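A quick write-up on the structure given underneath.
The values are calculated or read from the model by the stated rules, or taken from the named source; none is laboratory data. If you're wondering where the values come from, they're calculated on a predicted model, not measured in any experiment. Neighbour counts are summed over all protein chains in view; Cβ atoms, including those assigned to glycine, are modelled from backbone coordinates with ideal geometry.
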Amino acid sequence: MLLTVKTTKNKFISLCGASILSVSLLSAGMVNAVEPTKLELAIAGEHRSDKNKARDSFRHPKDTLVFFGFNSTMTVVEVTPGGGWYTEILAPALKGTGKLYGAHYPDTGEDNYYSNSRKSLEKKLSSHAVFSDVELTDFIPRKESVLAPKSSVDLVLTFRNLHNWGEDGMAQMFKDAFTALKDGGVLGVVEHRMPAAQHWSMNKRSGYVPAAMVVKLAKEAGFVLAASSEINANIKDGANHPKGVWTLPPVLRLGEKDKDKYLAIGESDRMTLKLVKPAFK
């Protein structure tokens, strides 16, 4: 069927039946935009500070989590959530439909970084209802840790942490993640990337880690590298700074010295690796 429609210029056009329906729906305001996902709503949530949201352009949370295969029905472990930057996104995205474990340093009662970090995270989790379903477990670097019940997890995530643990610590964390994951589960790694021309033995304290070493240690733990992404790459970062990666934002360890230079570089160049626990038959 054809319908002739008069335009504002007194001209006439012919529309087929499908077009008639589209025009009618649009004019009636009946065509709605696609509803945002729980992940998108979490990223846009009012519980996140403007300061944290400003870093989305460097950390690319939506693209990163989608690359790892995240969905809101998964059981997820975040290894050492730290200040909870990603927890602010993961907790509401999983609340009521999935499960989030935060595998963090235990509070030993001592006045040290590990205990204070745990206390700070617990305080954050008690500050807002979006965190009410998060369950904390204990992660101890370089020691066997139960991140979550064995073979119960779909996705283990660690963001910018590997450099803290050294080679032995990385190897142990990969073993712990392998144990926690279901067959076919994913370990998602984001880490400051050391250029191939630099040597790990000479730059262990720079905060950067060689991608080849990460992949090697993960494979030794049983993982298969399924994919890598340049989502979090930064070609402006040469990874050779006076105070290592902490020279760059957001830390800016040199203070006002060359601040504009480091702000222009932006946050670090990062590897983004999707590692899979094979599904054994």
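Val189 fails exactly one of the following numbered conditions: (1) touching a Lys or Arg at 6+ places or on another chain (Cβ under 6 Å); (2) within 22 Å of Trp85 (Cβ to Cβ); (3) crowded, with 24+ Cβ neighbours inside 10 Å. What is the number of that condition?
(1)
Cβ-Cβ distance below 7 Å, separation of 6 or more or different chains: which pairs start in the range 253-281 with a residue that is of a type in the set (Gly, Ala, Ser) and end on one that is modelled with pLDDT of 95 or more and not in a loop (DSSP other than H, G, I, E, B)?
Matching pairs, first to second residue: Gly266/Phe58; Ser268/His192; Ser268/Val245; Ala279/Asp183; Ala279/Gly184.
So that you can scan it fast, the table gives a plain yes or no per residue for (1) exposed (fewer than 14 other Cβ atoms within 10 Å of the Cβ); (2) closer than 15 Å to Ser57 by Cβ; (3) polar (S, T, N, Q):
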residue: Ser229; (1), (2), (3): no, no, yes
residue: Gly244; (1), (2), (3): no, no, no
residue: Leu248; (1), (2), (3): no, yes, no
residue: Leu252; (1), (2), (3): no, no, no
residue: Lys257; (1), (2), (3): yes, no, no
residue: Ala264; (1), (2), (3): yes, yes, no
residue: Ser268; (1), (2), (3): no, yes, yes
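Output the residues belonging to the range 108-139 that are crowded, with 17+ Cβ neighbours inside 10 Å, part of a loop (DSSP other than H, G, I, E, B) and either out of contact with any Pro (no Cβ under 9 Å at 6 or more places or on another chain) or of a type in the set (A, V, I, L, M) (or both).
Val134
Rundown of residues vs (1) part of a helix (DSSP H, G or I); (2) under 19 Å from the mean Cα position of the chain (by Cα), yes/no style:
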residue	(1), (2)
Thr158	no, yes
Met173	yes, yes
Ala177	yes, yes
Gly188	no, yes
Lys216	yes, no
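Can we say Asp168 is assigned to a helix (DSSP H, G or I) and loosely packed, with under 14 Cβ neighbours inside 10 Å?
yes
Are any residues in the range 270-279 surrounded by fewer than 17 Cβ atoms within 10 Å (Cβ to Cβ) and either in contact with a helix residue (DSSP H, G or I) (Cβ under 7 Å, 6 or more places away or on another chain) or hydrophobic (A, V, I, L, M, F, W, C) (or both), and if so, which ones?
Ala279 - this is the single residue of the range 270-279 that is surrounded by fewer than 17 Cβ atoms within 10 Å (Cβ to Cβ) and either in contact with a helix residue (DSSP H, G or I) (Cβ under 7 Å, 6 or more places away or on another chain) or hydrophobic (A, V, I, L, M, F, W, C) (or both).
Looking at the range 39-57 only, could you name the residues that are under 15 Å from the mean Cα position of the chain (by Cα), in contact (Cβ under 8 Å) with a residue 12 or more places away in the chain and in a helix (DSSP H, G or I)?
Matches in the range 39-57: Leu39, Glu40, Ala42, Ile43, Asn52, Asp56.
Quickly run through the range 58-92 and pick out the residues that are part of a helix (DSSP H, G or I) and either of a type in the set (D, E, K, R) or out of contact with any Asp or Glu (no Cβ under 9 Å at 6 or more places or on another chain) (or both).
Arg59, Pro61, Lys62, Asp63, Thr64, Leu65, Val66, Phe67, Glu88, Ile89, Pro92
What do you reckon, is Gly102 modelled with pLDDT of 95 or more and either in a loop (DSSP other than H, G, I, E, B) or outside the structural domain of Arg160 (by TED's automatic domain parsing) (or both)?
No: the conditions fail for Gly102.
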